[in-house]
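K.L.:
The structure's right below; bear with me while I get my questions together.
Only the coordinates and a few stated rules stand behind these numbers; no lab work does. It should be emphasised that the depicted structure is a prediction, and the values quoted were computed from it without experimental measurement. Cβ sites come from the backbone with ideal geometry, for glycine too, and all protein chains shown count toward neighbours.
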Amino acid sequence: MELLGKGKKVLLGNEAIARGALEADVDVVTTYPGTPSSEIADSISRVAIYLKKNGEVPFYFQYSTNEKVALEFAAASAYCGLRALTCMKHVGLNVASDALMTYAYVGCKGGHVIVTADDPSCHSSQNEQDNRLYAKFSSLPMLEPSSPQEAKDMTIEAFEISERLEIPIILRTTTRVSHARGVVELNELNMKKKKGKFDKGKLAVTVPEVARKLHPILLEKLDKAEKISEESKFNFVEDFGGKYGIITSGVSYNYVKEAVEDLNLKCKIFKIGMSYPLPIKKLKKFLDECEKVIVIEELEPFIEEQIRNIADIEVYGKGFAKLKRYYEYDMDIVYYSLAKFFGVDYEIDDKEIEVAPRPPVLCPGCPHRATYYAVKQVAPKDTIYPTDIGCYTLGLLPPYETADFLLCMGSSIGTACGFSYATNQKVISFIGDSTFYHAGLPALVNAVHHDHNFVLIILDNSTTAMTGHQPHPGNAVDGMGNEAIAMDMEKVVKGIGVKHVEVIDPRKINEAKEAIKRALEYKGLSVIISKAPCILLERKKKERKIYEVNQEKCKKCKICITKFACPAFYFDNDAIKINPALCTGCGVCPQVCPFDAIEVVK
Amino acid sequence: MKKSIVVAGVGGQGVITAANIIAKAALKDGYNVVMSELHGMAQRGGNVECNVRIGNVYSPIVASYSADAIISFEPLEALRNLKKVKKEGIVLTDINPIIPPLISLGIGKYPPLNEIFDSIAKHCKLVKINADDLARKAGNILTKNIVMIGCLHALKILPIKKESYIETIKETFPEKYVEMNIRAFEIGEEEISTLFFK
């Protein structure tokens, strides 16, 4: 097992964080998966399953129902003296933020590292919020690595800082750090299973009187954190001569380093690794030695604004050259902007090569395709389709176009309540199984209680597919490979009080269509559980049938391509064919073909 | 020393595995290595792009016109990434198109192959191979990514030793697939040698 190895390894930033936590002898790891954070916890899960085979697992790991629950579980553990790691994507911290803001007041005894993996440029997210602001918002310290090696080192250091200050600490990565690979030096592993102890009688029930006492205590801890930041080895200066300063953090530091070398820039670089609280004294000294300074940081002017507060010299940042508040930075942006700041010639070519897009699509054999196809056959044209977060968001694309509105995890149901009131249009809402357990449940209770009139289709593929097939509460196994109690989706929905509930297999198209018709006709809330496993898991299991288009029967109506749109179909000159390497043998397309031209070949 | 390559293709073609093998082999030879990859949405048949950088490097992604080579598992993806390669660089591409599903729906256009190759050849040096055929020759179309690495090695773009690639292949695949993948590597190597060096 590579993650338990020795010496130097090429590791993903996320794997380096996992390794760091193991080297720090972490006791509890919790998460809800989300790109670009998922591999941190997935690595821990694999280690747990691997170690279980050979005896005791020296830590506990959990894929929690959502980020808030994940944070609460870990907070309780850290409060009792255990070391805890909680990982999530940036928007996950919104879900956990209710717990976070007050947890900062209460604090912890064991070190607790909260990883937020941000996604500048929205590679796989619904927004590109800058979670460094959460550090300031919650008054919690924050570290920001630039490379996999630093990600590991900072994870270990973060546990130490958290324990010294008795508050949780935020470790903030971005996609280009989490999903970068680099050489990482592995140190000793010394993992032991431990139990904590709950000390009664401390200030931990945050009624107003207690909260008022705790807030100034938190701010005192933050003052101590600033001293740590002043001395931190992660805040350092590199001097390449000259009087111009560059202040940078995160992945941008790498672009700056190469630009300084390649363009031969005479400058001083202040690399910020502990970005909250900033080492103000050290920065003031740096600024005193500079004639002017430029801040290279992605997204919000988080560091820049604090520099402007203390600087007497000219500060360049957002709005200068190609430095913007949106999208991730890259080498071109940083080279161009630094060249301009230093008055060096550097040209970049803004022309993009026009190439047909290749967006991700639902996989061949994906059961969501069958559900969407059936829905489009029977739903009125102006039906509103609130959707949710998962592979099925790809229903946005033609020809399905079964995604009209999306805010966040669980929003399909909450907004369906609103759309059904605000309009006279039909509303069919889609949510995946993992997302349903994550944030759909409270909204469904709301819909039942207020008798809102819409159809909810739960796309139950028995896994958290988009993020890499992590188990969820509907599975009979947990993230450590232990047996778990599986929720029964139908019982859950009926238990909440939904009157009209049907379970369908979407791969039986006609039955699915009839069920959707009944649901649309039903006055009030109806739920269809569209149950069929993710094809990526199914493919691994069994021998598959291969289908072929019988060219004599095919009338080239193209329904299989224009309406059903399975990527296994393609045009070979005029003939429609099925790529046998892509066909999964799901058996849905023969039901779609009006001329029975799709046949099993083996 | 600074060397950068872009590995490009379509989700499911083994692009990330290939990039990882190159990176690990580089470390075996004692080089510093940095690479980037994108997960998540890229898995579902979308375009995939990895950057592998070796030597005195920090950034996990390449600047425009700075990569020494692109190795592309699909012609359109070579074109998509063309701006990343140096004028004196090399584009090594497979010649078998995978038509994006949206094009079948009439959205976008897949340019004729000769247009794609002309655009590339105007920009830098172009090397075309039929990696699908070579992979089948090795025993399975799925070894295409290793065929591509064999070709890359024979083009002498990176200073990585053959033994380091072979060692990494042995560590990457289950034992029963190792022999086939080594064969794929050597078939790729042989193809380039025949094209250029014989």
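K.L.:
Any idea what the alpha-carbon Rg over 2.2 N^0.38 Å comes to for chain A?
P.N.:
On the way: Rg = 26.8 Å, N = 602, 2.2 N^0.38 = 25.0 Å.
The reported ratio for this selection is 1.07.
K.L.:
I've got another one for you. Determine the principal axes of the Cα atoms in chain B, then give the extent along each, sorted from largest to smallest and rounded to whole angstroms.
P.N.:
47, 41, 37
K.L.:
Still on this structure: Within the range A:313-392, which chymotrypsin sites (Phe, Trp or Tyr not before Pro) sit in a loop by DSSP and count at most 13 neighbouring Cβ atoms inside 10 Å?
P.N.:
On the way: sites: A:Y316, A:F320, A:Y326, A:Y327, A:Y329, A:Y335, A:Y336, A:F341, A:F342, A:Y346, A:Y372, A:Y373, A:Y392; in loops: A:F320, A:Y326, A:Y327, A:Y329, A:Y346.
Listed in order of number, the matching sites are A:Y326, A:Y327.
K.L.:
Which GluC sites (Glu not before Pro) does the range A:175-242 hold that lie in a coil by DSSP with at most 16 other beta carbons within 10 Å?
P.N.:
Numbers: sites: A:E185, A:E188, A:E209, A:E220, A:E226, A:E230, A:E231, A:E238; in loops: A:E188.
Hits after loop and neighbour filter: A:E188.
K.L.:
What is the distance in Å between the Cα centroid of the range B:1-80 and that of the range A:527-577?
P.N.:
With the range B:1-80 and the range A:527-577 each reduced to a Cα centre, they are spaced 32 Å.
K.L.:
Another question about this same structure. Multiply the residue gap between A:L407 and A:E552 by 0.36 nm, knock off their C-alpha separation, and tell me the result in nm, one decimal place. All intermediate terms of the calculation are to be shown ahead of the outcome.
P.N.:
Numbers: separation 145, 0.36 × 145 = 52.20 nm, distance 4.75 nm.
Working it through step by step, the gained length comes to 47.5 nm.
K.L.:
For the range A:380-525, what does the convex hull of the Cα positions come to per residue, in cubic angstrom?
P.N.:
Numbers: hull volume 16.7 nm³, N = 146.
Spelled out: Cα convex hull of the range A:380-525, divided by residues, is 115 Å³.
K.L.:
With everything on Cα atoms, drop me the angle between helix A:331-342 and the longest principal axis of chain A, reported from 0 to 90° to the nearest 10.
P.N.:
30 degrees
K.L.:
Between A:K200 and A:Y421, what is the label-to-label distance in nm when each label sits 7 Å out along the Cα-to-Cβ direction?
P.N.:
Output for this residue pair reads 4.5 nm.
K.L.:
Which three numbers, in whole Å and largest first, are the semi-axes of the equivalent ellipsoid of the range A:78-148 derived from its Cα gyration tensor as √(5λ)?
P.N.:
Working: eigenvalues 102, 37, 24 Å².
They are 23, 14, 11 Å, listed largest first.
K.L.:
Next question. Among rounded, prolate and oblate, which fits the range A:498-537 when a ≥ b ≥ c are the square roots of the eigenvalues of its C-alpha gyration tensor, a/c under 1.5 means rounded, and a/b larger than b/c means prolate? Please list the in-between numbers first.
P.N.:
Values: a/c = 3.81, a/b = 1.82, b/c = 2.09.
It comes out oblate by the Cα gyration axes.
K.L.:
Kindly work out what percent of the DSSP beta bridges joining two residues of the range A:236-342 are antiparallel, to the nearest 5. It would help to have the intermediate numbers written out before the result.
P.N.:
Details: 4 of 17 bridges.
Expressed as a percentage, antiparallel bridges in the range A:236-342 total about 25.
K.L.:
Can you give me the Kirkwood hydrodynamic radius for the range A:236-342, using every pair of distinct Cα atoms, in Å to one decimal?
P.N.:
Numbers: mean 1/r = 0.0743 Å⁻¹.
Every distinct Cα pair counted, the radius reaches 13.5 Å.
K.L.:
In the Gaussian network model of chain B, springs joining C-alpha atoms below 10 Å, which of B:V178, B:V34, B:V48 carries the largest mean-square fluctuation?
P.N.:
Result for chain B, Cα springs under 10 Å: B:V178 fluctuates most.
K.L.:
Rounded to a whole number of µm²/s, how large is the Stokes-Einstein D of the range A:266-411 at 10 °C and 1.306 mPa s, given Rh as the Kirkwood radius over C-alpha pairs? Please report the intermediate quantities before stating the final value.
P.N.:
Numbers: Rh = 19.9 Å.
D = 80 µm²/s.
K.L.:
Separate question: Can you tell me the convex hull volume per residue for the range A:155-230, based on C-alpha atoms, in Å³ to the nearest whole number? Spell out each step's value before the answer.
P.N.:
On the way: hull volume 12.9 nm³, N = 76.
Spelled out: Cα convex hull of the range A:155-230, divided by residues, is 170 Å³.
K.L.:
Another question, then. Taking only the alpha-carbon atoms of the range A:2-231, what semi-axes of the equivalent ellipsoid follow from 5 times the gyration tensor eigenvalues under a square root, in whole Å, largest first? Spell out each step's value before the answer.
P.N.:
Numbers: eigenvalues 138, 83, 54 Å².
With the √(5λ) rule applied to the range A:2-231, the semi-axes are 26, 20, 17 Å.
K.L.:
Under 16 Å from the 7 Å Cα→Cβ point of B:I107, by amide nitrogen: which residues of the range A:545-579?
P.N.:
A:561-568
K.L.:
Need the full-extension length gain, A:E185 to A:E238, defined as separation in residues times 0.36 nm minus the C-alpha distance. One decimal, nm. Present the calculation step by step, with values, prior to reporting the outcome.
P.N.:
Details: separation 53, 0.36 × 53 = 19.08 nm, distance 2.25 nm.
Computed gain between A:E185 and A:E238 is 16.8 nm.
K.L.:
Please give the net charge around B:L134, taking every other residue with its beta carbon less than 11 angstrom from that of B:L134, where Lys and Arg add +1 and Asp and Glu add -1.
P.N.:
-3
K.L.:
Let me ask something else about it. Please give me the summed charge of the neighbours of A:A321: other residues whose Cβ is under 12 Å from its Cβ, Lys and Arg +1, Asp and Glu -1.
P.N.:
Values: positive: A:K318, A:K322, A:K324, A:K340; negative: A:D332.
With Lys, Arg at +1 and Asp, Glu at -1, the neighbours total +3.
K.L.:
Still on this model: Taking the DSSP beta bridges in the protein assembly as shown as the whole, what percent of them are antiparallel, to the nearest 5? Don't skip to the answer; put the middle values down first.
P.N.:
On the way: 37 of 104 bridges.
Approximately 35 percent, going by the DSSP bridge assignments.
K.L.:
Which ordering of A:M154, A:M1, A:M480 is given by a fewest-first count of other beta-carbon atoms within 10 Å? Present the calculation step by step, with values, prior to reporting the outcome.
P.N.:
Numbers: A:M154 27, A:M1 10, A:M480 21.
So the ranking, lowest neighbour count to highest, is A:M1, A:M480, A:M154.
K.L.:
Can you put A:T383, A:T35 in order, fewest other beta carbons within 10 Å first?
P.N.:
Values: A:T383 18, A:T35 24.
Going from sparsest to densest Cβ surroundings: A:T383, A:T35.
K.L.:
Find the centroid of the Cα atoms in the range A:68-117 and in the range A:238-304, then give the distance between the two in whole Å.
P.N.:
So the separation of the two Cα centres works out to 31 Å.
K.L.:
Also: Counting only helical runs of four or more DSSP H residues, what would the 222 nm mean residue ellipticity of the protein assembly as shown come to if each run contributes -39,500 (n - 2.57) and the total is spread over all its residues? Present the calculation step by step, with values, prior to reporting the outcome.
P.N.:
Details: 27 runs with 299 residues, N = 800.
Helix-only estimate at 222 nm: -11500 deg cm²/dmol.
K.L.:
Okay, next question. Once you have the Cα-Cα distance between A:K602 and A:Y326, take 0.36 nm times their residue separation minus that, and quote the gain in nm to one decimal.
P.N.:
Working: separation 276, 0.36 × 276 = 99.36 nm, distance 5.19 nm.
Between A:K602 and A:Y326, full extension yields 94.2 nm more.
K.L.:
How charged is the neighbourhood of A:I485? Take every other residue with its Cβ under 13 Å from the Cβ of A:I485, and add Lys/Arg as +1 and Asp/Glu as -1.
P.N.:
-2
K.L.:
For the range A:226-282, state which trypsin sites (Lys or Arg not before Pro) are in a DSSP loop and have at most 14 other beta carbons lying within 10 Å of their beta carbon. Let's see the in-between values first.
P.N.:
Working: sites: A:K227, A:K233, A:K243, A:K257, A:K266, A:K268, A:K271, A:K281, A:K282; in loops: A:K233, A:K243, A:K266.
Those that pass, being in a loop and sparsely packed, are A:K233, A:K243, A:K266.
K.L.:
Could you work out how far the C-alpha centroid of the range A:205-234 sits from that of the range A:492-513, in angstrom?
P.N.:
Using only Cα atoms, the two centres lie 51 Å from each other.
K.L.:
With both partners inside the range A:2-231, how many of the DSSP beta bridges are antiparallel, as a percent to the nearest 5?
P.N.:
Numbers: 6 of 28 bridges.
Approximately 20 percent, going by the DSSP bridge assignments.
K.L.:
So if R0 is 25 Å, what FRET efficiency would A:K563 and A:L537 give, r being the distance between their Cβ atoms, rounded to the nearest 0.05?
P.N.:
Details: r = 26 Å, r/R0 = 1.05.
The formula returns an efficiency of 0.45 here.
K.L.:
For a 29 Å ceiling on Cα separation, which of these pairs sit above it: A:K194/B:K28; A:K152/B:K2; A:K9/A:K257? Numbers along the way, then the final one.
P.N.:
Working: A:K194/B:K28 37 Å; A:K152/B:K2 25 Å; A:K9/A:K257 23 Å.
Check vs 29 Å cut-off fails for A:K194/B:K28.
K.L.:
Related question: Listing A:D349, A:D388, B:D133 from the residue with the fewest other Cβ atoms within 10 Å to the one with the most, what is the order?
P.N.:
Details: A:D349 9, A:D388 28, B:D133 17.
Arranged by neighbour count, lowest to highest, A:D349, A:D388, B:D133 become A:D349, B:D133, A:D388.
K.L.:
Quick one: what do you get for the range A:543-600 if you divide its Cα Rg by 2.2 N^0.38 Å? Spell out each step's value before the answer.
P.N.:
Details: Rg = 10.2 Å, N = 58, 2.2 N^0.38 = 10.3 Å.
Ratio of Rg to 2.2 N^0.38 Å for the range A:543-600: 0.99.
K.L.:
What is the calculated FRET efficiency for A:I280 to A:K517, with r their C-beta to C-beta distance and R₀ = 41 Å, to the nearest 0.05? Please report the intermediate quantities before stating the final value.
P.N.:
Working: r = 66 Å, r/R0 = 1.61.
According to the calculation, E is roughly 0.05.
K.L.:
Still on this structure, I have one more. Based on the alpha carbon coordinates of the range B:40-110, what radius of gyration and maximum Cα-Cα distance (Dmax) apply, in Å?
P.N.:
Using the Cα atoms of the range B:40-110, the pair Rg, Dmax is 13.9, 46 Å.
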